[in-house]
Amino acid sequence: ERIAGGLLVVGIVAASSFVPWLILHLAYGFRTWLGVALESFMCYQLLAARSLRDESKKVYDALQTGDIEKSRYAVSMIVGRDTQNLTEEGVTKAAVETVAENTSDGIIAPLFYMMIGGAVLGFAYKSVNTMDSMIGYTNDKYILFGRTAAKLDDVLNFIPARISGCLLTLAAYLLPGADGKNAWRIFLRDRRKHASPNSAHGEAACAGALHLRLAGDAWYFGVLHKKQFIGDNDREIVPEDIWKASLLMFLAEGILMVVLLMILAAVR
């Protein structure tokens, strides 16, 4: 199973890199403007900010109706945990955690790799990250088959996850009502409180910025996973915190884009 999982990773990454490379190679060879247009569109497609915003908004809208079953279904579309028994607080917390964690996976990491290797490297990263979300579990079914995808995803997200925590902290200084100083404090204190070496960085910064307590025990495929809490329980979490987490995400993305444009301008 480990060999099969490794071969799957090699095959998917190769295909996900070769196809866009071939398309761009042909496009740039025909007309430079066509290559630029296609690569710009590809890079746009690799960023998940709007998708995260839209899907988390569905959770927020469902919570506003007071329909807990609808809320559980909406959040089940964006989290890997079991949602059938979540309370309103649990649904809200799951949505906030997803936005905070996926700020790295869905936005910062793709931008980081596109800066290095354009759309081709961006697609390679996204293929690994997608495989990790599909088969990178520690249950009996995937513990061996998904190990290569999970470990490679850990390696690729090591730097972006830490950048994400710092960017979300900076974003907290810009968002009215958020606490940048506390975001930095909780980020430094709780960013390692997760079995994954990367998952808690964004959550810790977001929890500190909004004065929330995130994480804790969760059920996956009917099995309870014991997890440490991230952040302090300074107040109760409310559905509006989903919007605040999304705003922090967009601000973090904007800060990184400005920094990358400055780097490009300096290099050229």
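Using the heavy atoms of the protein chains alone and a 1.4 angstrom probe, what is the accessible area of the range 41-94 per residue in square angstrom? Please report the intermediate quantities before stating the final value.
On the way: 2960 Å² over 54 residues.
I get 55 Å² per residue for this part.
With every protein chain kept in the model, how would you rank Val10, Val75 by accessible area, 1.4 Å probe, largest at the top?
Details: Val10 100, Val75 0 Å².
The residues order as Val10, Val75, largest area first.
With a 1.4 Å probe and all protein chains kept in place, how much accessible area does Glu88 have, in Å² rounded to the nearest 10?
In the full protein context, Glu88 sits at about 90 Å².
Need one value: the accessible area of Ser199 in square angstrom, 1.4 angstrom probe, rounded to the nearest 10.
Rounded to the nearest 10, that gives 20 Å².
Leaving ligands, DNA and RNA out of it, report the carbon-plus-sulfur percent of the accessible area of the range 211-264 at a 1.4 Å probe.
68 percent
Using the beta-carbon distance between Ile143 and Trp219 and R0 = 22 Å, what value does 1/(1 + (r/R0)^6) give for FRET efficiency, to the nearest 0.05? Before the final figure, lay out each step's value.
Working: r = 18 Å, r/R0 = 0.80.
After rounding, the FRET efficiency stands at 0.80.
Just the accessible area per residue of the range 121-268, please: how many Å² with a 1.4 Å probe? Spell out each step's value before the answer.
Numbers: 7560 Å² over 148 residues.
Ligands and nucleic acids excluded, the figure is 51 Å² per residue.
At a Cα cut-off below 19 Å, give the lysines reachable from Lys181, other chains included and same-chain residues fewer than 8 away excluded.
Here the lysines satisfying the reach criterion relative to Lys181 are Lys244.
Using alpha carbon centroids, what distance separates the range 155-175 and the range 1-41, in Å?
27 Å
Check every DSSP H run in the chain and write down those whose alpha carbon atoms cover 30 angstrom or more along the long axis and whose mean Kyte-Doolittle hydropathy is 0.5 or greater. Present the calculation step by step, with values, prior to reporting the outcome.
On the way: long enough: 2-30 (42 Å, 1.63); 147-174 (39 Å, 0.76); 240-267 (41 Å, 1.85).
Flagged H segments are 2-30, 147-174, 240-267.
How much length is gained if the chain between Arg81 and Gln228 is pulled fully straight, taking 0.36 nm per residue apart and subtracting their Cα-Cα distance, in nm to one decimal?
Working: separation 147, 0.36 × 147 = 52.92 nm, distance 1.57 nm.
In short, 51.4 nm is gained.
Multiply the residue separation of Ile68 and Ser196 by 0.36 nm, subtract the distance between their alpha-carbon atoms, and state the gained length in nm to one decimal. Don't jump to the answer; show the numbers that get you there.
Numbers: separation 128, 0.36 × 128 = 46.08 nm, distance 2.98 nm.
Contour length minus the Cα-Cα distance gives 43.1 nm.
Do you know the relative contact order of the range 141-237, to the nearest whole percent, from alpha carbon pairs under 8 angstrom that are 6+ apart?
Numbers: 154 pairs, mean separation 22.7, N = 97.
That works out to 23 percent.
Any aspartates and glutamates with Cα under 18 Å of the Lys227 Cα? List them, leaving off those in the same chain fewer than 8 positions away.
Once the sequence-local aspartates and glutamates are set aside, what remains near Lys227 is Asp82, Glu89, Glu97, Glu101, Asp190, Glu203, Asp217.
For Tyr73, what accessible area in Å² do you get when you roll a 1.4 Å probe over the heavy atoms of the protein chains, rounding to the nearest 10?
150 Å²
At what distance in angstrom do the alpha carbon centres of the range 99-121 and the range 214-247 lie from each other?
With the range 99-121 and the range 214-247 each reduced to a Cα centre, they are spaced 24 Å.
What does the helix-only formula give at 222 nm for the chain: each DSSP H stretch with n ≥ 4 adding -39500 (n - 2.57), the total divided by the residues, and the result rounded to the nearest 500 deg cm²/dmol?
On the way: 10 runs with 191 residues, N = 268.
Estimated from H runs of four or more residues: -24500 deg cm²/dmol.
The values are calculated or read from the model by the stated rules, or taken from the named source; none is laboratory data. Keep in mind it's a predicted model, so treat the numbers as computed, not measured. So basically every Cβ, Gly included, is an ideal-geometry build from the backbone, and we count neighbours across all protein chains shown. For accessibility, only protein heavy atoms count, side chains too; no ligands or nucleic acids. Shrake-Rupley method; radii C 1.70, N 1.55, O 1.52, S 1.80 Å.
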